[in-house]
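Step one of this worksheet: look at the structure below.
Where a number appears in this text, it was derived from the coordinates with a stated rule and is not lab data. All values reported here derive from a predicted model rather than from experimental measurement. In this analysis, Cβ positions are derived from the backbone assuming ideal geometry, glycine residues included, and neighbour counts consider all displayed protein chains.
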Amino acid sequence: MKNGLAFRYAERKDVSLILWFIRALADYEKMLDEVVATEELLEEWIFDKQKAEVLFAMEGEKEVGFALFFHNFSTFLGRAGIYLEDLFVLPEYRGKGYGKALIRKLAQIAVERGCGRLEWWCLDWNKPSINFYLSLGAEPMNDWTVYRIAGDTLNKLANMA
């Protein structure tokens with residue numbers, strides 16, 4: 001592959017590396033204080049419960065980027081899609097096409113699995129990433145607002161009679 005880039009799926013032994021990439025991404029997004037994930041949680045949810053997958057971009061023997069993704073479902077399409085939770089390329093490896101290669105690989109995985117779409121969220125302030133996604137032909141979903149219930153609010157809602 002271009003510039004010696006290859007891909008590999010994460011294995012159980014990579015849990016600490018996955019957490020390291022998550023923390024590096026969170027630091028870039030100025031959200032490091034929000035990371036409460038642990039190696040134990042990641043091992044349980046990614047490998048034991050198989051609720052997500054991780055793909056590493058490799059330059060030689062070094063992991064230089066990662067994508068964490070999972071399947072969602074579109075009732076309108078009647079099939080699963082891939083939701084990209086995290087995409088991150090180490091700063092010193094940017095500009096080599098590795099981010100685009102990761103997205104392309106995820107698109108290939110989606111097509112191979114018969115999925116109807118590949119989607120993700122992006123922070124509004126992250127103009128370099130937005131411009132990158134637009135250059136790939138991605139379309140912003142301007143008519144949609146993301147809603148979230150988490151933490152104490154989630155627990156309160158779950159425990160309502």
- Query: How big is the gap, in Å, between the Cα center of the range 88-161 and the Cα center of the range 18-35?
  - Reply: 15
- the chain: longest segment with zero exposed chymotrypsin sites (Phe, Trp or Tyr not before Pro), where exposed means DSSP loop plus at most 14 other C-beta atoms within 10 Å, is residues 1-75
- The number of Lys pairs in the range 23-103 whose alpha carbons lie under 28 Å apart, excluding pairs fewer than 8 residues apart on one chain, is 9
- Sparse-neighbourhood loop hits (trypsin sites (Lys or Arg not before Pro), the range 1-86; DSSP loop; Cβ within 10 Å at most 15 others) -> K30, K49, K51
- Which distance in nm do the two modelled labels at E61 and N155 give, with both placed 7 Å along the Cα-to-Cβ direction? 4.6
- What are the residues whose amide H is under 5 Å from the amide H of E85, where those residues sit 5 or more places off or on another chain and H is modelled from the backbone? L68, F69, F70
- Rounded to the nearest 500, what is the 222 nm mean residue ellipticity of the chain from helices alone, with -39500 (n - 2.57) per DSSP H run of 4+ residues and division by all residues? -9000 deg cm²/dmol
- Task: Figure the gain on full extension for R12 and W144 (residue separation times 0.36 nm, minus the Cα-Cα span) and round it to one decimal in nm.
- Result: 43.9 nm
- Label point at K51 placed 7 Å out along Cα→Cβ; residues across the range 60-91 whose backbone nitrogen lies under 16 Å: 68-73, 83-86
- Query: Which shape class, rounded, prolate or oblate, goes with the range 2-158 when its Cα gyration tensor gives a ≥ b ≥ c as root eigenvalues, a/c under 1.5 marks rounded, and past that a/b bigger than b/c marks prolate?
  - Reply: rounded
- To the nearest 20 debye, what charge dipole does the range 2-158 have about its Cα centre, counting +1 at the Cβ of each Lys and Arg and -1 at the Cβ of each Asp and Glu? 620
- Item | Dipole of the range 93-161, positive direction: furthest Cα of L123, I149, M160, with charges on the beta-carbon | L123
